[in-house]
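The values are calculated or read from the model by the stated rules, or taken from the named source; none is laboratory data. On a predicted model such as this, the values are computed, not experimentally measured, just so you know. Positions of Cβ are generated from backbone atoms using ideal geometry, with glycine treated the same way; all protein chains shown enter the neighbour counts.
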Amino acid sequence: METGGGKKKKKWFLPLVLSLLLSTLLVFVSVFTSSSSYSSQLYKTQVKNEVPVFVESKLRASAPSSDPVPRLAYLISGSMGDGESLKRTLKALYHPRNQYAVHLDLEASAEERLELANFVRDQPVFAKMGNVRMVVRANLVTYRGPTMVTNTLHAAAILLKEGGDWDWFINLSASDYPLVTQDDLLHTLSTIPRSLNFIEHTSDIGWKEYQRAKPVIIDPGLYSLQKSDVFWVSEKRSVPTAYKLFTGSAWMILSRPFIDFCLWGWDNLPRIVLMYYANFLSSPEGYFHTVICNAEEFRNTTVNHDLHFISWDNPPKQHPHFLTNDDYQRMVDSNAPFARKFGRNEPVLDKISSDLLGCNADGFVPGGWLRNQGNSNVTLPDHIITNTTELRPGPGAERLKRLINGLLAAEDFHAKQCS
């Protein structure tokens, strides 16, 4: 009896299990289909009516300006005792189309910084055009540490926020000086793509791997109000594998789109690299180079030149030679728009001003915007021509054109990009 009952139970048990499974499957399909349909409709509604989930998707590099004459944004920085040199460099670089940020670091006295602030405020031309600003909240800059990079980023952020439209960012120091007029420079740059970045760089870091990349340094400027040299940590670190290190000149001309990328960092690369270079000796010679050459959208925009004449030892030491009258002809023959490093009140600056810029030691450089001929006593806004797009390029434009055309037309131009 028990055996027969077990057979009857098996006959109805199997159909029951199958029917339960089938019912469960039908319910699951029904719920999933209706849920998917509802989610699809909800998603379409959200796409139409709400902002994207990720803010970064709305961040993009600025489009190049369509203005036929470009605009430049300058950072001119200095330290204790550089106030007068900074003023002279600023006037030699001045043009109403451009934007300027000047910075004296915290090593300079409050009196020296206040004197510079008063100079910027009281110059009638600056007041009329409103394109020169002092970084009032000064930073402490240790030139072998990352604080020089953070100061550069700080100035670039100020110029993005307050400077309106501009096309290239140029970082200079009080010991730099121009070898061409701004009319020469603007005229020449108006003929090339505004996406280009002039940044001397190489991935062959050589001895720097062991003396700069692997050691760990601390920059007191990150936490102290007193300037002192960097100090070393006993531990070493390995070279990064997530990105490739590059090195080069600390002086560069960077495009507006790349500066946008460095400050917004919508794929986080600039921030990651900045954190690494916070403990890197002489980080200004590597930070921007590493970022630009590891960013797919910018690595093909580089021109491997810093547009400077600099006289180095061979092999190079920490600092270049101070330039004198003996270097004058080599400066001119380089066709570069800038030169460094100059001592304070160096006589060759007077020769450059008179022979190359057409002004005296304390004057604005004449051009299409200025009616006078470099007279230092004429600073009134009445001498500004309203149409600042009028340029009067001179011999300096021809020299600079030869340099840039030669760089862009070189057979190894692409081979030198981030190599």
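Out of the residues in region 212-236 that are more than 25 Å from the chain's Cα centre (by Cα) and not in a loop (DSSP other than H, G, I, E, B), state the one that is surrounded by the most Cβ atoms within 10 Å (Cβ to Cβ). Once the filter is applied, the top-ranked residue is PRO215. When the residues of region 161-170 are filtered to those that are in contact with a Phe, Trp or Tyr (Cβ under 9 Å, 6 or more places away or on another chain) and either in a helix (DSSP H, G or I) or not aromatic (Phe, Trp, Tyr) (or both), the one that is nearest to SER249 (Cα to Cα) is ILE170.
When residues in region 363-389 are screened for being more than 17 Å from LEU90 (Cβ to Cβ), modelled with pLDDT of 90 or more and within 28 Å of the chain's Cα centre (by Cα), 0 of them pass. The lone criterion from (1) in a loop (DSSP other than H, G, I, E, B); (2) of a type outside the set (Phe, Trp, Tyr); (3) without any contact (Cβ under 8 Å) to a residue 12 or more places away in the chain left unmet by ASP362 is number (3). Scanning region 178-194 turns up one or more residues that are modelled with pLDDT of 95 or more, of a type in the set (A, V, I, L, M), surrounded by 18 or more Cβ atoms within 10 Å (Cβ to Cβ) and under 24 Å from SER79 (Cβ atoms).
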